[in-house]
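Here's the structure we're looking at; comments come further down.
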Amino acid sequence: MVSEKRIDEIIDKYEGEEGVLIQLLLDIQNEFKLVPKEAIARISTRLQIPISHIYRIVSFYNVLSLEPTGRHVIQVCLGTACHVRGGPRILDEVENLLKIKAGTTTEDLKFTVKRVNCIGCCALGPVMLVDEDYHGKLSPTDVKGILARYD
Amino acid sequence: MARINSPADLERLREEIRAKRDPKEPCIAICAGTGCIALGVHKVIAAFREGLKEQGLEDDVDIRETGCPGFCEQGPIVVIYPEEICYLRVQPEDVPEIISETVKGKRIIDRLVYKDPKTGEIAVKESEIPFYKYQKRLLLGTNILLDPRNIEDYIAIGGYQALSKVLFGFTPERVIEEVKTANLRGRGGGGFPTGRKWESTRNAVGDPKYVIVNCDEGDPGAFMDRALMEGNPHSVIEGLAIGAYAIGAHEGFIYVRQEYPLAVKNTILAIKQAEDYGLLGENILGSGFNFRVTLHKGAGAFVSGESSALMNAIEGKVGEPRPKYVHTSDSGLWDKPSDLNNVETWANVPLIINNGADWFASIGTEGSKGTKIFSLVGKVNNTGLVEVPMGTTLRDIIYKIGGGIPGDKKFKAVQTGGPSGGCIPERYLDTPVDFDELTKLGSMMGSGGMIVMDEDTCMVDVARYFVDFLCDESCGKCVPCREGLKHLREILNRIVEGEGQEGDIELLEEMAVVMKASSLCALGATAANPVLTTLRYFRDEYEAHIKDKRCPALACKGLVAYYIDPSACKACLRCLKTCPVDAVIGGKKLIHVIDQAKCTKCGTCFYMCPPKFGAVKKISGEPVPPPIPEEERALPSGTRKEGGGGGEQ
């Protein structure tokens with residue numbers, strides 16, 4: 001449930017500052033795992049920013065999402081170094097196991113799978129990030145065991 | 001902590017900190033950068049804290065959690081001072097032995113030191129390891145010496161000395177002159193002379209002026225900015241403050257991509273500490289100079305790394321580039337004169353001030369001075385961050401420092417410059433790396449990603465990979481980039497899928513010319529570079545895909561097929577059990593066969609087949625041999641046990 005009080009608290013942190021919209025939306029995303037419609041309306045009213053402008057920002061940046069994300073976010077790195085070391089095979093395996101495509105969320109809202117263009121762990125490729133845990137030097141056979149650690 | 005109010009105060013504090021630290025006392029420096037975190041260093045650190053406590057040594061031995069020293073391949077990395085003993089791939093189980101043997105007993109544990117895989121020679125000290133020996137680590141070398149979360153560590157090694165020197169001894173014009181004489185060029189990719197950029201911003205009409213750090217390191221395969229921002233944020237902040245003084249700015253921004261959470265955290269803390277110590281904020285060091293710094297997090301958009309797009313993002317807008325005929329030095333952030341430089345560029349500034357422009361200009365080549373950090377990754381033995389003087393050859397970087405290509409594979413190309421760069425083939429390995437030489441080869445320096453590719457990498461696929469990447473990241477504002485990339489992708493996709501047509505190569509070349517001439521920003525103008533350089537050096541691979549429907553590297557799914565060599569198959573069931581689409585037919589003591597109609601070419605069977613059998617073959621451009629007749633598939637008894645895997649279905 002989206003708490004209006006919490007939305008207001010987050011907006012309070014930024015009100016009065018110039019150019020805060022993205023930082024504010026990042027905080028909202030962090031709190032609710034998506035940018036809820038209620039938040040967009042509230043930001044628009046309180047900061048006097050047109051709703052269309054806020055939607056434009058949310059749809060432009062990869063981190064911001066209008067759809068709910070899963071409890072755990074899996075980011076499979078497909079930067080160049082990971083690509084040449086077999087990153088696409090890791091993504092294939094994740095997609096096979098969870099039976100969803102990158103960019104979507106499992107029905108039970110457990111996992112969201114994303115492809116990410118480099119998380120800067122290039123020396124350890126291929127790399128996958130689950131929430132804040134980095135898993136490096138992966139082979140497709142490692143994936144199943146890693147996913148089993150999250151519930 | 002009391003504020004530092006004068007240069008004398010700063011020197012006094014420095015002496016006090018140094019006096020408290022006896023360089024002869026043992027100190028355990030442990031890399032706590034993102035790479036080593038991924039390798040589980042937190043458990044190693046906890047084991048050291050616990051182990052020292054158990055031995056009653058917690059007050060005698062310091063533990064320093066540092067930034068990344070670069071040798072990520074061999075992490076977690078632990079360096080024990082004062083002897084500078086460097087232990088690699090340290091696991092929590094090793095810690096009690098390290099404490100009793102090395103910290104207390106001053107004895108070296110052989111299995112944890114570097115051993116040359118070819119000669120077997122060991123190297124105990126960090127500086128003796130070949131990976132480090134051939135580098136010149138002016139920037140990265142300090143990472144292991146300090147905890148980025150403690151400003152006093154930075155002050156102890158001479159930090160903020162350069163800022164103090166300019167605030168009390170240099171006019172702003174002289175600072176700019178120094179940077180110009182040093183011939184520092186932008187490390188973010190373009191290589192534009194930093195001093196000239198500062199000068200135009202200083203001379204631009206408008207007030208206030210802004211200075212910006214670009215840590216939106218989006219180039220896939222590059223992570224040196226992350227290592228600097230995470231590992232030594234104060235060096236960047238100090239450089240930024242010096243630049244602000246030279247330009248006449250009182251407000252600065254550090255833009256860090258949110259994919260780098262540790263860099264964000266350490267930078268916020270560093271800004272706070274610098275403010276508390278009076279090294280940022282009002283009346284810095286009592287000089288009357290005011291300078292405030294704010295951190296902005298990116299929200300995930302590659303194009304935001306372009307300077308004008310980044311300024312839009314700081315303003316809270318969509319990170320799209322602005323037309324280039326308006327220079328950001330005249331009209332940048334909030335339409336005010338703004339100077340933006342890359343993390344590595346800023347980090348070089350204190351070095352130039354401390355050591356002099358002539359010293360800096362004595363390192364490197366005619367047109368490119370100083371050192372450059374490269375991220376050496378991909379198909380190379382020693383992956384990690386490498387800092388070398390400009391002009392070092394690609395061969396030295398890849399072979400002397402990088403230790404060559406793993407698994408006796410053949411080198412094919414090295415990709416530099418990120419999605420705007422290109423792939424350089426073996427015959428140019430002796431090229432000295434600097435801004436101008438790489439451009440001559442059709443590639444560019446970029447931010448310093450260096451991705452090594454071996455014979456298993458398909459160059460058409462690499463071109464497609466970058467085009468695909470840029471297609472996702474193009475902001476869509478201008479037609480040549482948006483539509484051009486889409487069509488490049490379409491053509492490349494059909495080539496790698498075996499549907500390439502006569503005339504495709506010429507069409508790619510024609511579109512590349514148009515995109516270069518007419519795109520709004522560098523993203524579009526350079527987007528075709530990976531296609532052009534691969535065409536220039538690996539045209540035969542394109543032709544093989546189009547004419548012979550063959551992928552010479554056996555990498556493109558649409559052009560390869562897998563089959564099982566019946567004379568090598570031992571019916572071990574491994575491929576049969578792991579095939580995700582049940583395309584392997586066979587059973588106990590029955591030679592396995594792949595059902596080509598079902599096969600999705602995922603390659604799982606190829607990787608699962610034990611190397612000693614090597615029964616699963618990958619082919620391209622030739623017909624798949626017909627399956628062995630069913631009546632001949634039974635293996636004589638006694639052969640199955642060798643399989644190793646197996647078991648009941």
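Return the only residue of A:Glu132, A:Glu93, A:Glu107 being farther than 24 Å from B:Gly378 by Cα and out of contact with any Asp or Glu (no Cβ under 6 Å at 6 or more places or on another chain). Working first, answer last.
Working: A:Glu132 fails: farther than 24 Å from B:Gly378 by Cα; A:Glu93 fails: farther than 24 Å from B:Gly378 by Cα.
Sole residue among the options that is farther than 24 Å from B:Gly378 by Cα and out of contact with any Asp or Glu (no Cβ under 6 Å at 6 or more places or on another chain): A:Glu107.
In segment A:56-72, which residue that is surrounded by fewer than 18 Cβ atoms within 10 Å (Cβ to Cβ) and not in a loop (DSSP other than H, G, I, E, B) is farthest from the chain's Cα centre (by Cα)? In this case the residue turns out to be A:Arg56. The residue list B:Glu275, B:Glu259 contains one member that is outside the structural domain of B:Gly446 (by TED's automatic domain parsing) and at pLDDT 95 or above, which is B:Glu275. Scanning segment B:69-78 finds one or more residues that are away from chain A (no Cβ under 14 Å) and either closer than 20 Å to B:Lys53 by Cβ or in contact (Cβ under 8 Å) with a residue 12 or more places away in the chain (or both).
To keep it simple, each residue is scored yes or no on (1) under 35 Å from the mean Cα position of the chain (by Cα); (2) under 30 Å from B:Lys165 (Cβ atoms).
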| residue | (1), (2) |
| --- | --- |
| B:Arg3 | no, yes |
| B:Asp9 | no, yes |
| B:Leu13 | no, yes |
| B:Glu16 | no, yes |
| B:Cys27 | yes, yes |
| B:Leu39 | yes, no |
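Scanning segment B:417-467 for residues that are under 19 Å from B:Thr383 (Cα atoms), assigned to a strand (DSSP E or B) and away from chain A (no Cβ under 11 Å) yields one hit, B:Ile424. When B:Ala204 is tested against the conditions (1) buried (at least 19 other Cβ atoms within 10 Å of the Cβ); (2) farther than 23 Å from B:Ile284 by Cα; (3) within 28 Å of the chain's Cα centre (by Cα); (4) among the small types (Gly, Ala, Ser), the lone failure is (3). The selection criterion, being of a type in the set (Val, Ile, Thr), in contact with a strand residue (DSSP E or B) (Cβ under 6 Å, 6 or more places away or on another chain), more than 30 Å from B:Ala525 (Cβ to Cβ) and touching a residue at least 60 places away in the same chain (Cβ under 8 Å), does not hold for B:Thr371. So which residues in segment B:236-248 are buried (at least 24 other Cβ atoms within 10 Å of the Cβ) and within 17 Å of B:Leu285 (Cα to Cα), if there are any at all? Listed by number, the residues that qualify are B:Ile237, B:Glu238, B:Gly239, B:Leu240, B:Ala241, B:Ile242, B:Gly243, B:Ala244, B:Ala246. Reported count of residues in segment B:1-48, each being under 30 Å from B:Gly281 (Cβ atoms), in a loop (DSSP other than H, G, I, E, B) and either in contact with a helix residue (DSSP H, G or I) (Cβ under 7 Å, 6 or more places away or on another chain) or within 14 Å of chain A (Cβ to nearest Cβ) (or both), is 7.
So for segment A:22-33 (the condition being touching a helix residue (DSSP H, G or I) at 6+ places or on another chain (Cβ under 6 Å) and either surrounded by fewer than 20 Cβ atoms within 10 Å (Cβ to Cβ) or modelled with pLDDT under 90 (or both)), does at least one residue qualify? Yes, because at least one residue in segment A:22-33 is touching a helix residue (DSSP H, G or I) at 6+ places or on another chain (Cβ under 6 Å) and either surrounded by fewer than 20 Cβ atoms within 10 Å (Cβ to Cβ) or modelled with pLDDT under 90 (or both).
Output the residues belonging to segment B:384-408 that are part of a loop (DSSP other than H, G, I, E, B), within 14 Å of chain A (Cβ to nearest Cβ), out of contact with any Leu (no Cβ under 6 Å at 6 or more places or on another chain) and of a type outside the set (A, V, I, L, M).
Within segment B:384-408, the subset part of a loop (DSSP other than H, G, I, E, B) is B:390-392, B:402-405.
Retained after the next criterion (residues that are within 14 Å of chain A (Cβ to nearest Cβ)): B:402-403, B:405.
Now narrow it down to the ones that are out of contact with any Leu (no Cβ under 6 Å at 6 or more places or on another chain): B:403, B:405.
Of everything in segment B:384-408, just one residue is part of a loop (DSSP other than H, G, I, E, B), within 14 Å of chain A (Cβ to nearest Cβ), out of contact with any Leu (no Cβ under 6 Å at 6 or more places or on another chain) and of a type outside the set (A, V, I, L, M), namely B:Gly403.
Just one of the listed residues (B:Gly141, B:Gly75) is touching a Gly at 6+ places or on another chain (Cβ under 8 Å) and under 22 Å from A:Gly120 (Cβ atoms), and it is B:Gly75.
Collect the residues in segment B:280-305 that are within 14 Å of chain A (Cβ to nearest Cβ), part of a loop (DSSP other than H, G, I, E, B) and either farther than 19 Å from B:Pro261 by Cβ or not small (Gly, Ala, Ser) (or both), keeping them in residue-number order. Let's see the steps before the verdict.
Initial filter on segment B:280-305 (within 14 Å of chain A (Cβ to nearest Cβ)): B:292, B:294-305.
Restricting the remaining residues to those that are part of a loop (DSSP other than H, G, I, E, B) gives B:298-301.
Selection gives nothing.
The residues of segment B:557-572 that are surrounded by fewer than 22 Cβ atoms within 10 Å (Cβ to Cβ) and in contact with an Asp or Glu (Cβ under 9 Å, 6 or more places away or on another chain), listed by number, are B:Lys557, B:Gly558, B:Ala561, B:Pro566.
Within 14 Å of another protein chain (Cβ to nearest Cβ), in contact with a His (Cβ under 8 Å, 6 or more places away or on another chain), closer than 26 Å to B:Gly476 by Cα and not in a loop (DSSP other than H, G, I, E, B): does that describe A:Gln75? When the stated conditions are applied, A:Gln75 does not pass them.
If you go through segment B:506-527 one residue at a time, do you hit one that is in a loop (DSSP other than H, G, I, E, B) and free of Cβ contacts under 8 Å to residues at least 60 places away in the same chain? There is at least one residue in segment B:506-527 that is in a loop (DSSP other than H, G, I, E, B) and free of Cβ contacts under 8 Å to residues at least 60 places away in the same chain. Applying the criterion of at least 3 residues that are within 18 Å of B:Ile17 (Cβ to Cβ) to the strands (runs of 3 or more DSSP E) found wholly in segment B:49-164 leaves B:62-66. If you go through segment A:124-144 and keep only what is assigned to a loop (DSSP other than H, G, I, E, B) and closer than 17 Å to A:Thr112 by Cβ, you end up with A:Asp131, A:Glu132. Given the structure, is A:Gly79 in contact (Cβ under 8 Å) with a residue 40 or more places away in the chain and buried (at least 20 other Cβ atoms within 10 Å of the Cβ)? Yes; evaluated as a whole, the condition is true for this residue.
Look at (1) touching a helix residue (DSSP H, G or I) at 6+ places or on another chain (Cβ under 8 Å); (2) small (Gly, Ala, Ser); (3) over 14 Å from B:Gly558 (Cα atoms) and you find that B:Gly614 fails only one, number (1).
Considering B:Arg107, B:Arg12, which residue is more than 27 Å from B:Gly158 (Cβ to Cβ), assigned by TED's automatic domain parsing to the domain that holds B:Leu139, free of Cβ contacts under 8 Å to residues at least 24 places away in the same chain and not hydroxyl-bearing (Ser, Thr, Tyr)? Spell out the reasoning first.
Values: B:Arg12 fails: more than 27 Å from B:Gly158 (Cβ to Cβ).
Going through B:Arg107, B:Arg12 in turn, the sole match is B:Arg107.
In segment B:474-504, of all residues being within 14 Å of chain A (Cβ to nearest Cβ) and crowded, with 20+ Cβ neighbours inside 10 Å, the one that is nearest to the chain's Cα centre (by Cα) corresponds to B:Ser474.
The values are calculated or read from the model by the stated rules, or taken from the named source; none is laboratory data. Note that the coordinates shown come from a computational prediction; the quantities given were computed from them, not determined experimentally. As a convention, Cβ positions derive from the backbone with ideal geometry for all residues, glycine included, and neighbour counts pool all protein chains shown.
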